[in-house]
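The values are calculated or read from the model by the stated rules, or taken from the named source; none is laboratory data. Please read these numbers as outputs of a predicted model, since none were measured by experiment. Ideal geometry is used to build each Cβ from the backbone, glycine not excepted, and the neighbour counts take in all protein chains shown. Protein only, heavy atoms only, side chains kept; ligands, DNA and RNA dropped before computing areas. Shrake-Rupley method; radii C 1.70, N 1.55, O 1.52, S 1.80 Å.
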Amino acid sequence: DQQVKQNSPSLSVQEGRISILNCDYTNSMFDYFLWYKKYPAEGPTFLISISSIKDKNEDGRFTVFLNKSAKHLSLHIVPSQPGDSAVYFCAASVADSNYQLIWGAGTKLIIKP
Amino acid sequence: DVKVTQSSRYLVKRTGEKVFLECVQDMDHENMFWYRQDPGLGLRLIYFSYDVKMKEKGDIPEGYSVSREKKERFSLILESASTNQTSMYLCASTITMDRFNSPLHFGNGTRLTVT
């Protein structure tokens with residue numbers, strides 16, 4: 001049973017528009033959430049994170065929103081650029097879990113020129 | 001910049017072979033991890049190590065073992081490779097176990113095919 005779900009395997013967005021990637025979770029003990037980005041033939045790289053005490057965290061063009069009551073988080077990319085084309089993974093962790101992250105299956109984002 | 005290097009990009013092995021996947025990091029990180037990535041399943045933790053000669057099982061340790069004789073090197077061992085171990089293997093490291101300030105740094109992965 002997957003505790004972290006990314007229900008859209010892929011998403012296509014026009015360059016300059018907003019990209020919204022979604023992630024749902026089932027474990028109410030998760031208190032920290034992260035997004036990683038992965039290009040082909042490379043390992044994932046950390047993008048942005050959010051603690052459960054917040055509902056929004058922003059870093060440049062990237063914003064993550066957390067809705068704890070819905071057990072849902074989303075990553076917004078504005079404006080989308082061709083270099084944003086990648087696979088995006090959502091991950092979550094529980095306090096005192098020895099850095100054990102639970103990962104979603106990933107969403108492939110394609111930015112169309 | 002942190003560099004995590006995995007020795008092989010592609011490996012093809014036969015069923016029953018003993019397989020070694022090597023990972024080296026150059027930033028004196030305390031903690032190292034081995035994940036496997038499969039389509040539709042995301043990344044799953046196999047083993048991690050928080051110090052030399054120390055290891056902890058992750059979510060899917062069965063069929064695998066690890067070795068950490070030196071701080072910079074973390075090896076994943078498949079004692080007797082099976083076809084269900086065909087996967088992308090990713091090594092990662094972090095400087096501390098502080099989840100909030102110490103993101104994972106990944107290598108580029110080793111795609112292992114067991115025939």
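With θ taken as phi - 60° and the coefficients 6.51, -1.76 and 1.60, list the Karplus ³J(HN,Hα) couplings across the range B:68-78 in order, rounded to whole Hz; mark glycine and proline as x.
9, 8, 10, 4, 7, 10, 9, 10, 10, 10, 9
Roll a 1.4 angstrom probe over the protein heavy atoms and tell me the percent of accessible area of chain A that is carbon or sulfur.
Summing carbon and sulfur atoms, their accessible area is 50 percent of the total for chain A.
Under a Cβ-only charge scheme (Lys and Arg +1, Asp and Glu -1), can you give me the dipole magnitude of chain B about the Cα centre, in debye to the nearest 20?
That gives a dipole near 320 debye.
Suppose every Lys and Arg Cβ carries +1 and every Asp and Glu Cβ carries -1, with no other charges. What dipole size does chain A come out with about its Cα centre, to the nearest 20 debye?
The dipole magnitude comes to about 260 debye.
Starting from the alpha-carbon convex hull of chain B, give the projected area averaged over all orientations, in nm².
In nm², the orientation-averaged hull projection of chain B is 6.8.
What does the charge count near residue B:23 come to, summing +1 for each Lys or Arg and -1 for each Asp or Glu among other residues with Cβ under 14 Å from its Cβ?
Values: positive: B:3, B:9, B:36, B:55, B:68, B:70, B:71, B:73; negative: B:22, B:26, B:69, B:72.
Every neighbour counted, the sum reads +4.
Of the options A:104, A:33, A:11, report the single residue whose Cα projects farthest towards the positive end of the charge dipole of chain A (beta-carbon charges: Lys, Arg +1; Asp, Glu -1).
So the residue we want is A:11.
Under a 1.4 Å probe, what is the accessible area of the range B:1-83 per residue, stated in Å²?
So the range B:1-83 comes to 53 Å² accessible per residue, rounded to a whole number.
Can you give the average number of partner chain beta-carbon atoms within 10 Å of each beta-carbon in peptide B:104-114, as a whole number?
Mean partner-chain Cβ count within 10 Å for B:104-114: 3.
Once you average over the residues of A:100-110, how many Cβ atoms of partner chains fall within 10 Å of each Cβ?
Across the residues of A:100-110, the mean count of other-chain Cβ atoms within 10 Å is 4.
How many Cβ atoms of partner chains, on average, are near each residue of A:34-43 if near means within 10 Å of its Cβ?
4
Over the range A:7-46, consider all pairs of different Cα atoms and compute the Kirkwood hydrodynamic radius from their mean reciprocal separation; express it in Å, one decimal.
Taking every pair of different Cα atoms in the range A:7-46, averaging 1/r and inverting gives 13.0 Å.
Given the peptides A:64-72, A:23-31, arrange them by the average over their residues of other C-beta atoms within 10 Å, most packed first. Could the numbers behind the result be given before it?
Values: A:64-72: 14.9, A:23-31: 17.1.
Highest to lowest by the protection proxy: A:23-31, A:64-72.
Work out the charge dipole of the protein assembly as shown with +1 on the Cβ of Lys and Arg and -1 on the Cβ of Asp and Glu about the Cα centre, then indicate which of A:44, B:81, B:63 is farthest towards its positive end.
Selected residue: B:81.
Using packing as a proxy for protection, rank B:88-97, B:61-70 so that the peptide with the highest average count of other Cβ atoms within 10 Å comes first.
The most tightly packed comes first, giving B:88-97, B:61-70.
When only alpha-carbon atoms count, how far does the range A:1-99 stretch along each of its three principal axes, as whole angstroms with the largest first?
Largest to smallest, the principal-axis extents are 38, 28, 23 Å.
Rounded to the nearest 0.05, what FRET efficiency is calculated for residue A:78 and residue A:108 with R0 set to 22 Å and r the Cβ-Cβ distance?
Here the calculated transfer efficiency is 0.70.
What per residue convex hull volume, in Å³, comes out for the protein assembly as shown when only alpha-carbon positions are used?
121 Å³
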